[in-house]
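See structure below.
The values are calculated or read from the model by the stated rules, or taken from the named source; none is laboratory data. Predicted model, so just to flag it, every value in this text is computed and none were measured. Cβ: placed from backbone, ideal geometry, glycine included. Neighbour counts: every protein chain shown.
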Amino acid sequence: MADTGNNDAFVAFERVQKSYDGETLVVKDLNLSMPKGEFLTMLGPSGSGKTTCLMMLAGFETATHGEIKLDGVSINNIPPHKRGIGMVFQNYALFPHMTIAENLSFPLEVRKIGKSDREAKVKRALEMVEMGDFGGRRPAQLSGGQQQRVALARALVFEPELVLMDEPLGALDKQLREKMQFEITHLAHELGITTVYVTHDQTEALTMSDRVAVFNDGKIQQLAPPDELYESPQNSFVAQFIGENNTLEGTVKEIKNGLALVQLDDGGLIDAKPVNVEKPGDRTLISIRPERVEFNRERLSPDAHTLKAEVVEFIYMGDIFRTRLRVAGTDEFIIKTRNAPDQRRLQPGEQIEIGWLPDDCRALDAT
Ligand SMILES: Nc1ncnc2c1ncn2[C@@H]1O[C@H](COP(=O)(O)OP(=O)(O)O)[C@@H](O)[C@H]1O
Ligand SMILES: [Mg+2]
């Protein structure tokens, strides 16, 4: 899952631990390596240690154990302003008493860049985020979205090789957030910037990133490209945190030919792909995506195990149908079907049989 010891890594965390109080570890033995130019997102619930990792990388917090390397060199003892890292936070943090142009010029002055060079760089950075006409205004005279664009320009103006962003779009409304998501990834890839992005929003993580590190409890639970994370979650936490997911509890009856036969707690038998179960008797949470459930018997293999289900609710959503079922002791089992001309609309009260391809159903840990 986590990788170590990669000499080509541009950013590397090696066995990093962090404790604020000398007792509890909020980051636990973290290993992570990123190649140059990658857009990596740290995704996880509040308190899982994402910001702490970003702060250690930026140099505002020190690691309790382990090493953080930039381009192969340990940066544990290098102060923040010498790390050449650009940063963007949720609350823009522009200097209110300075104009937009002065805000952008500031990181260049700190780096002792001459006046004419500064002016050219500021102009270019503002144009990049389509704020070229706003250099003379003060932050209070801009909308939230405009301020966030300026914050982005300020992080990029000194042409850092690495940019860190901590929930930079959290304060924006949905439409603007989606536009900015696109702009940020586009800009990062175009400029070849290596980016570490932090969010608790899984859609944002999936749509923006080359790879996503899913955090929980100070650990990376899985580090993978978005499609792999969604389609092949390695444990129950990831399966439930990413996307919509149905879970059923049961016990492994047998594992044969790469297939687990699972006895659900209400007696039903189903097939699943054994992911982190090992032997008969293991408790498991099986996990199946709503769009992978099949209720048309003809589309399943003849020897597939199926479950009896009762339709509880049918919701028409335009592009898809969302149907809630009572299955194996839960009435929160969701199936999603595409609104195609030949698609059947299930009726509440209907008794059906559901099944799936064993590959689409994962037998995970019973946490
Ligand atoms: N400066 C701090 N002092 C003490 N504890 C902190 C500090 N910053 C964060 N924590 C604690 O560390 C844990 C991880 O926090 P954080 O890295 O901010 O998580 P996230 O960004 O994933 O929400 C939390 O339990 C939080 O309360
Ligand atoms: Mg945070």
- Top-ranked residue in the stretch 53-83 [being surrounded by 13 or more Cβ atoms within 10 Å (Cβ to Cβ) and of a type in the set (D, E, K, R); ranked as nearest to ligand 1 (Cβ to nearest atom)]: GLU61
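Please find, among ARG362, ARG322, ARG326, the residue that is free of Cβ contacts under 8 Å to residues at least 40 places away in the same chain, surrounded by 14 or more Cβ atoms within 10 Å (Cβ to Cβ) and under 13 Å from LEU248 (Cβ atoms).
Residue meeting the stated conditions: ARG326.
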- Any idea which of (1) modelled with pLDDT of 95 or more; (2) more than 12 Å from ligand 1 (Cβ to nearest atom) is the one LYS50 doesn't satisfy? (2)
- Message: So, in the stretch 109-144, how many residues would count as being buried (at least 17 other Cβ atoms within 10 Å of the Cβ) and over 23 Å from ILE85 (Cβ atoms)?
- Response: 3
- Answer with yes or no whether ARG362 is at pLDDT 95 or above, under 18 Å from GLU244 (Cα atoms) and charged (D, E, K, R). yes
- Applying the selection to the stretch 33-59, what residues are in a strand (DSSP E or B), within 16 Å of ligand 2 (Cβ to nearest atom) and polar (S, T, N, Q)? THR41
- Message: Condition (residue is of a type in the set (D, E, K, R), surrounded by fewer than 14 Cβ atoms within 10 Å (Cβ to Cβ), more than 16 Å from ligand 2 (Cβ to nearest atom) and at pLDDT below 95) applied to the stretch 25-32: is it met by at least one residue?
- Response: no
- Quick one: in the stretch 2-22, which of the residues that are part of a loop (DSSP other than H, G, I, E, B) and modelled with pLDDT of 95 or more is nearest to ligand 1 (Cβ to nearest atom)? TYR20
- Query: Which of the residues spanning the stretch 102-150 are of a type in the set (Phe, Trp, Tyr) and closer than 20 Å to MET165 by Cα?
  - Reply: PHE106
- Task: From (1) part of a strand (DSSP E or B); (2) touching a residue at least 40 places away in the same chain (Cβ under 8 Å); (3) buried (at least 16 other Cβ atoms within 10 Å of the Cβ); (4) away from ligand 1 (no atom under 16 Å from the Cβ), pick out the condition that doesn't hold for LEU104.
- Result: (1)
- Item | Sole residue being free of Cβ contacts under 8 Å to residues at least 12 places away in the same chain and within 19 Å of the chain's Cα centre (by Cα), chosen from GLU178, GLU127, GLU183 | GLU178
- Does the stretch 76-96 include one or more residues that are touching a residue at least 40 places away in the same chain (Cβ under 8 Å), of a type in the set (Val, Ile, Thr) and touching a strand residue (DSSP E or B) at 6+ places or on another chain (Cβ under 9 Å)? yes
- Query: Here are some residues: VAL327, VAL277. Which one is farther than 20 Å from TYR230 by Cβ, aliphatic (A, V, I, L, M), out of contact with any Ser or Thr (no Cβ under 6 Å at 6 or more places or on another chain) and outside the structural domain of LEU229 (by TED's automatic domain parsing)?
  - Reply: VAL327
